[in-house]
1. Being of a type outside the set (F, W, Y) and either under 15 Å from S122 (Cβ atoms) or touching a Phe, Trp or Tyr at 6+ places or on another chain (Cβ under 6 Å) (or both) is the filter here; which residues of the stretch 85-98 pass it?
2. So for the stretch 215-234 (the condition being in a loop (DSSP other than H, G, I, E, B), under 19 Å from the mean Cα position of the chain (by Cα), free of Cβ contacts under 8 Å to residues at least 24 places away in the same chain and surrounded by 15 or more Cβ atoms within 10 Å (Cβ to Cβ)), does at least one residue qualify?
3. Among the candidates F160, F154, single out the residue that is touching a helix residue (DSSP H, G or I) at 6+ places or on another chain (Cβ under 7 Å) and either more than 28 Å from K111 (Cα to Cα) or without any contact (Cβ under 8 Å) to a residue 40 or more places away in the chain (or both).
4. Out of the residues in the stretch 19-40 that are assigned to a loop (DSSP other than H, G, I, E, B) and in contact with a strand residue (DSSP E or B) (Cβ under 8 Å, 6 or more places away or on another chain), state the one that is surrounded by the most Cβ atoms within 10 Å (Cβ to Cβ).
5. Keeping to the stretch 1-51, report how many residues are among the hydroxyl-bearing types (S, T, Y), farther than 23 Å from L104 by Cβ and touching a Phe, Trp or Tyr at 6+ places or on another chain (Cβ under 6 Å).
6. For L95, state whether it is of a type in the set (A, V, I, L, M), within 14 Å of the chain's Cα centre (by Cα) and not in a loop (DSSP other than H, G, I, E, B).
7. Condition (residue is outside any helix (DSSP H, G or I), under 28 Å from V189 (Cα atoms) and under 16 Å from the mean Cα position of the chain (by Cα)) applied to the stretch 43-62: is it met by at least one residue?
8. Check whether at least one residue in the stretch 106-129 is among the aliphatic types (A, V, I, L, M), touching an Asp or Glu at 6+ places or on another chain (Cβ under 9 Å) and buried (at least 20 other Cβ atoms within 10 Å of the Cβ), and report yes or no.
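The values are calculated or read from the model by the stated rules, or taken from the named source; none is laboratory data. In this text, all values refer to a predicted model and were calculated from it rather than measured experimentally. Note that each Cβ is placed from the backbone with ideal geometry, even for glycine, and that neighbours are counted across all protein chains shown.
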Amino acid sequence: MPRLLLLSNSTLPGAPFLAWPEAHIRDVLGDEKGDLLFIPFAAVTFSYQEYTDAVRRAFASWGYSVSGIHEHADYHRALQEAAAIVVGGGNTFVLLNQLYHHDLITLIREKVRWGLPYIGWSAGANVACPTIMTTNDMPIVKPLSFEALDLVPFQINPHFTDQRLPNHGGESRRQRLEEYLAMNPGRPVIGLPEGMLIDVFENRITLKGDGTAFLFQSGGQPVSLTSGADLSHLLRL
């Protein structure tokens, strides 16, 4: 089973960029001295270079080297030589569109399934799922398909919240996910709140972080989950 770290978000209010998951990221990477390949394709209102520089600074402070995939002349070769893949958040539709545009879906899937560590937050966690159909983002571009990397057999809804705004008549996030399950029975969704992540390692899936996540499945009520919850049974889907 691949080694994945799927984060709801990168930054908590009042904290530095990538501060809250630092220990988890360092646990995945260990003493890795090779080049970590960052994929900034989810960026929309800022440049790939700005995004990469921010990620590079954070990882450099922990002793790791990062390059942006756009800094390489050959994207496929960069992936072949990477020590790990890091995929940032932003707009999930834009991210997936670029992965298809550069013909990277199959190669990333193969590399990760053969053991290359994958770290992704928000949109980067969404694209690790079978599809991006549980993203919160607007479809500001049209990807070739909603089918994504399919690195885990369940869906994730990052930034999940069960709260409702006063005097707001729109559907809650829970209702949206129930709509998804009505049209896609048999495909569970983990509502992952900010400050939580899913750690996949050696045929084991563990929920980590602070907060309460929810497992949504067809034909039943959502199940609340706290840090340390074992979700390995989802691998049998």
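1. To start, the set of residues in the stretch 85-98 that are of a type outside the set (F, W, Y) comprises 85-92, 94-98.
I85, V86, V87, G88, G89, G90, N91, T92, V94, L95, L96, Q98 - these are the residues of the stretch 85-98 that are of a type outside the set (F, W, Y) and either under 15 Å from S122 (Cβ atoms) or touching a Phe, Trp or Tyr at 6+ places or on another chain (Cβ under 6 Å) (or both).
2. Yes, there is a match, as at least one residue in the stretch 215-234 is in a loop (DSSP other than H, G, I, E, B), under 19 Å from the mean Cα position of the chain (by Cα), free of Cβ contacts under 8 Å to residues at least 24 places away in the same chain and surrounded by 15 or more Cβ atoms within 10 Å (Cβ to Cβ).
3. The unique qualifying residue is F160.
4. At the first step, the residues of the stretch 19-40 found to be assigned to a loop (DSSP other than H, G, I, E, B) are 19-21, 30-34, 40.
After this cut, where a residue has to be in contact with a strand residue (DSSP E or B) (Cβ under 8 Å, 6 or more places away or on another chain) as well, the list is 20-21, 32-34, 40.
On the way: W20: 20, P21: 24, E32: 15, K33: 10, G34: 12, P40: 26.
Checking each candidate, the answer is P40.
5. Going through the stretch 1-51 one residue at a time, the tally reaches 1.
6. yes
7. Residues of the stretch 43-62 outside any helix (DSSP H, G or I): 43-47, 61-62.
With the extra rule that they be under 28 Å from V189 (Cα atoms), the set shrinks to 43-44.
Cutting the leftovers down to under 16 Å from the mean Cα position of the chain (by Cα) gives us 43.
So far as the stretch 43-62 goes, yes, one or more of its residues are outside any helix (DSSP H, G or I), under 28 Å from V189 (Cα atoms) and under 16 Å from the mean Cα position of the chain (by Cα).
8. yes
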